[in-house]
Amino acid sequence: MTDETTTNTNNTQGCPYLDTINRTSLDFDFEPTCSITLSSGTHIYCCLVCGKNFRGKGKQSPAYIHAINENHYVYIHLTHGTFWCLPDNYQIFDSSLNDIKEALQPTFSKDEMSNLDKQTVLSRDLFGKRYLPGFVGLNNLKKTDGYNATLQALAHVKPLRAFFLACSEYNDYSSSVADGNGDANKNTSFHDASSSSGFIMNLKVPSKKRKHSGTTKIMKTKQVFINPKNFTPIVKSFGEMIRKMWSNKRFKSTVDPHLFIQAIYTTAANNDKFVIGKQCEVSDFICWLLHQLHIGIMKATTVVDSKGNKKKGENVVVGKSASISSSIIHEIFQGAVEIMTCQPKSTDKNQSSNELLNDDRLGSDDEQEEKAKEESL
């Protein structure tokens, strides 16, 4: 079909048309869809002159024809983040384009993540508006304020934020892995991985042993390998939203949650419970979302040994959805329930007066007596 792998290596250092780029026309918050064929996929290119998206870059492709007809020569691959000059079909390498790639695929270094909560300097978008990363507005797409409020709340949970800032599928984990835990999560740590597709982290998972005769599970620490490219669409879109909300290199001071809302609507587990144009119950939505994030992360998680090698036949997911094992979502949000039983005071007439006086169990009648005394005072 298109020649995505062919590259003219003789013309890869620069491009004479970079001055035609119009950054104010670029908006990467929407689904990468061809404006001509309305098709989506991995080979969609954005014209950096007019901001429109086109499929392919080979001859007779919409992007190729657009370059010839409109004299728009500079494009970015919306999945790989590479820059191309069409119709000459050569890849562009120029440091002046780094800001565009950061706006498309925000990444964070270790120092940037450790200083997020200390940041007080306002960033400025292309239109001169100032904003504080992490405290940006989310566009309301017809009664999606409940989803936006949930995003804003979860984006400020430090260990969850650290995880999604570190596990972008566009990171090269073979060179460096962002240490997102810092002081936010002492129980979770990120390590370098031998593969460029993911990273290894320590995770608490339930042990097969149980405490004595009770039912409480013993938690133990295991090393797991996480490949962000295997995340489900809702996990990927959620992570992109977190990274865009905390980025200080955005072209506009607001974020459009279009891809996240679309991922919610197209998720099979939704069952039309959360739809666009209908106000959602936030308490129900946040429970549903955390469960979907947990499942989506588990699908990209594999248990490894101390050397980072995958254990044959062993995966973090155990059994069906009713018995799913631990994840970063469980570590953060699953707490403990304390149950306290209060027995009513005995009213047995055959009981002696001394036994009644020595009965120190609190009942509803004691609470009523104490309340009556307080009112009288």
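The values are calculated or read from the model by the stated rules, or taken from the named source; none is laboratory data. These figures come from a predicted structure and were not determined experimentally. Because the Cβ atoms are built from the backbone with ideal geometry, glycine has one as well, and the counts that use them run over all protein chains shown. Heads up: the accessible areas ignore ligands, DNA and RNA and are worked out on the full protein's heavy atoms, side chains in. Shrake-Rupley method; radii C 1.70, N 1.55, O 1.52, S 1.80 Å.
Brief remarks follow.
- The calculated FRET efficiency for SER96 paired with THR341, based on their beta-carbon distance and R0 = 56 Å, is about 0.25.
- Distances between every pair of Cα atoms in region 50-128, grouped in 10 Å steps from 0 to the bin holding the largest one, split as 15, 38, 25, 14, 7, 0 percent.
- Remark: accessible surface ordering of SER247, SER283 (largest first) is SER283, SER247, probe radius 1.4 Å.
- Estimated FRET transfer efficiency (GLU70, THR42; beta-carbon r; R0 35 Å; 0.05): 0.90
- Each Lys or Arg adds one and each Asp or Glu subtracts one; over the other residues with Cβ under 9 Å from the Cβ of LEU165, this totals +1.
- Burial order of peptide ranges 150-159, 224-233, 32-41 (average beta-carbon count within 10 Å, highest first): 224-233, 150-159, 32-41
- Among 236-244, 100-108, the peptide with the highest mean count of other Cβ atoms within 10 Å heads the list, and the full ranking is 236-244, 100-108.
- Taking Cβ atoms as reference points and 10 Å as the exclusive limit, the residues near LEU126 contribute a net charge of +3, counting Lys and Arg as +1 and Asp and Glu as -1.
- Residues whose amide H falls under 5 Å from that of LEU48, counting only those 5 or more places apart or on a different chain, are VAL74, TYR75, ILE76, with hydrogens built in the peptide plane.
- Compactness of region 16-172 was expressed as the Cα radius of gyration divided by 2.2 N^0.38 Å, which yields 1.18.
- The distance from the alpha carbon centre of region 281-296 to that of region 83-119 is 31 Å, rounded to a whole number.
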